[in-house]
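Scroll down for the structure; my scribbles are underneath it.
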Amino acid sequence: MSLFRSLNTRFEQSTELQPERLRPWPAIYRQPLPHLNINEYSLQLRIENQLPKVMNQKQLTSLPMFNESRRITSKAGWTYYGQWRGLTFQTLFSLFSTPHLYPWVRIEGLNGEHYIIDYPSLMNYRIIMEGEGEPLSLLYGGPIWIHNFDFYVEYGIPYVKSIILMQGEHAYNHPSEALGFKREEARVLPGQYYGMHHERMITL
């Protein structure tokens, strides 16, 4: 089953999703969507074997946030240039005294999936909370979607529930690997893509 797909039919048929507004770029979701009241969302941040710091959206947005105009691109052949707002991992991990002593990070999603990535690589990712001035809904990977703008969106991490700093020996893990999305093929390649913002084919 594709990670990214046309939403029109599902959106029109689902009464639960009617209040959500479609964005200019294709939605990001797996089936089924996590069950969550967005207003009750909180992020758990911790070092392994320690109690977590629990931060609600108000506390998260009180931290210094980035605003970037960047492109997101899919292996399906589309690209979208938009305005994104959220946190850097440098900002988030500054809540700990020695985060650099933990070479691995485990990220758990609201849908039960988990991801493992090395600390240096994760520093190139962004914790995205808003797109085009509005909070990300579950359809678009929210409330928190972790993404590296240099990579295809298929390698992003949606529905983030907890972030755990770890020591010891671990290996990279992303659920999309089972769907054929190899880590070495994550970087966006030059080529022709359909520009959602231009409504025409463009060259990257």
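The values are calculated or read from the model by the stated rules, or taken from the named source; none is laboratory data. From a predicted model like this one, the values you see are computed outputs, not experimental measurements. Positions of Cβ are backbone-derived with ideal geometry, glycine not excepted, and every protein chain shown enters the neighbour counts. SASA here: full protein model, heavy atoms, side chains in, ligands and nucleic acids out. Shrake-Rupley method; radii C 1.70, N 1.55, O 1.52, S 1.80 Å.
Kindly check whether there is at least one residue in segment 57-71 that is over 15 Å from I128 (Cα atoms), open to solvent by 30 Å² or more (accessible area, probe 1.4 Å) and assigned to a loop (DSSP other than H, G, I, E, B). Checked against the condition, which is being over 15 Å from I128 (Cα atoms), open to solvent by 30 Å² or more (accessible area, probe 1.4 Å) and assigned to a loop (DSSP other than H, G, I, E, B), segment 57-71 yields no hits at all.
Taking residues in segment 114-137 that are free of Cβ contacts under 8 Å to residues at least 60 places away in the same chain and hydroxyl-bearing (S, T, Y), and partners anywhere that are outside any loop (DSSP other than H, G, I, E, B) and open to solvent by 20 Å² or more (accessible area, probe 1.4 Å), the pairs with Cβ atoms closer than 9 Å and at least 6 places apart or on different chains are Y119/H100; Y119/W104; Y125/T88; Y125/F151. Which of the residues belonging to segment 77-106 are without any contact (Cβ under 8 Å) to a residue 60 or more places away in the chain and open to solvent by 20 Å² or more (accessible area, probe 1.4 Å)? Hits for segment 77-106 are Q83, R85, T88, Q90, T91, S94, L95, S97, T98, H100.
So which pairs qualify, if the first residue must be in segment 175-204 and free of Cβ contacts under 8 Å to residues at least 12 places away in the same chain, the second must be assigned to a strand (DSSP E or B) and small (G, A, S), the Cβ gap must be under 9 Å, and the two must be at least 6 apart or on different chains? Correct list of pairs: M201/G195.
Restricting attention to segment 132-161, and to residues there that are closer than 13 Å to A27 by Cβ and hydroxyl-bearing (S, T, Y), which single residue is most open to solvent (accessible area, probe 1.4 Å)? Per the criteria, the residue is S137. If you scan segment 171-199, which residues turn out to be surrounded by 16 or more Cβ atoms within 10 Å (Cβ to Cβ) and of a type in the set (A, V, I, L, M, F, W, C)? The answer is F181, A186, V188, M196.
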